[in-house]
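One structure is given below, encoded as structure tokens.
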Amino acid sequence: MTAEPTPLPNRRLGVLISGRGSNLQAIIDAIAAGALDATIAVVVSNRAGAAGLTRARDAGLETCFIDPRRFSTRDAYDRALADELRAHDVGLVCLAGYMRLVGAPLLEAFPGRILNIHPSLLPSFPGLHAQRQALEHGARVSGATVHVVTAELDAGPIVRQAAVPVLEGDTEESLAARILVEEHRIYPEAIRELLEGRFRPAPGSASARPLPAGS
């Protein structure tokens, strides 16, 4: 007998960014359009000049810059970040172009409640420069993946994916631009799935075999 979905009791999002915040904007737009029943409680960046902070302020959102240089260790930084998110009563953490590894203090503060968006069809091409990896590998298909964050890089349970063809003559930039369109579409959908308690990890979803060359 299948268990009934258990929605998260808290629909307050904490969005972590490092750059321009285009996925943050997709979340903002989905909420404004009524496609996502959630509230962005705070937007936090590890970079003071991140353009996404301006996007957030323009949308009337509360923002916070936490400077990594103030902390002697990664864990100390992540503890401060977890404290900031808890102070805003965040129920779900969304990484949106956040360019830092998530450590144990944050994972323990929000177990199973941290999402990330990655520009490949995981488990293929994890880590940095996923679009470049796809081109160098000769892949015919790439895409975007929303997954639950775990201690292993880009290896958590997959929530949503969208495929994007790799075209002849594609550059890293042109492929990234087409993948980004799908990122903006599936990230709010994945957030809604988690908030509503509809996400059930598929068996082996976090450890499926990578795509072969030319796939």
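The values are calculated or read from the model by the stated rules, or taken from the named source; none is laboratory data. Only a predicted model underlies this, so the values are computations on that prediction, with no experimental measurement involved. Positions of Cβ are generated from backbone atoms using ideal geometry, with glycine treated the same way; all protein chains shown enter the neighbour counts.
Miscellaneous remarks
- One residue from 162, 176, 130, 144 being out of contact with any helix residue (DSSP H, G or I) (no Cβ under 6 Å at 6 or more places or on another chain) and either among the aliphatic types (A, V, I, L, M) or surrounded by 17 or more Cβ atoms within 10 Å (Cβ to Cβ) (or both): 130
- Residues that are over 19 Å from residue 184 (Cβ atoms) and among the aromatic types (Phe, Trp, Tyr), drawn from segment 87-117: 110
- Boolean, residue 189 is surrounded by fewer than 17 Cβ atoms within 10 Å (Cβ to Cβ), within 17 Å of residue 8 (Cα to Cα), at pLDDT 95 or above and not polar (S, T, N, Q): yes
- Counting the residues of segment 30-44 that are within 25 Å of residue 181 (Cβ to Cβ) and either assigned to a loop (DSSP other than H, G, I, E, B) or among the small types (Gly, Ala, Ser) (or both) gives 8.
- Hey, residue 20 touching a Phe, Trp or Tyr at 6+ places or on another chain (Cβ under 9 Å), on the phi < 0 side of the Ramachandran plot and surrounded by fewer than 22 Cβ atoms within 10 Å (Cβ to Cβ) or not: no
- When residues of segment 147-159 are limited to those that are loosely packed, with under 15 Cβ neighbours inside 10 Å and of a type in the set (A, V, I, L, M, F, W, C), the one nearest to the chain's Cα centre (by Cα): 153
- Close pairs (6 angstrom Cβ cut-off, 6 or more residues apart or separate chains): closer than 11 Å to residue 122 by Cβ and touching a residue at least 60 places away in the same chain (Cβ under 8 Å) in segment 140-153, among the aromatic types (Phe, Trp, Tyr) and part of a loop (DSSP other than H, G, I, E, B) anywhere: none
- Enumerated strands (runs of 3 or more DSSP E) restricted to segment 45-121, each holding at least 2 residues that are surrounded by fewer than 19 Cβ atoms within 10 Å (Cβ to Cβ) and modelled with pLDDT of 95 or more: 63-65
- Scanning segment 125-154 for residues that are in a loop (DSSP other than H, G, I, E, B) and touching a strand residue (DSSP E or B) at 6+ places or on another chain (Cβ under 8 Å) returns 125, 126, 140, 149, 154.
- Pair list, Cβ under 6 Å, 6 or more apart: segment 59-79 residue within 14 Å of residue 49 (Cβ to Cβ), other residue of a type in the set (Lys, Arg) and at pLDDT 95 or above: 63/57
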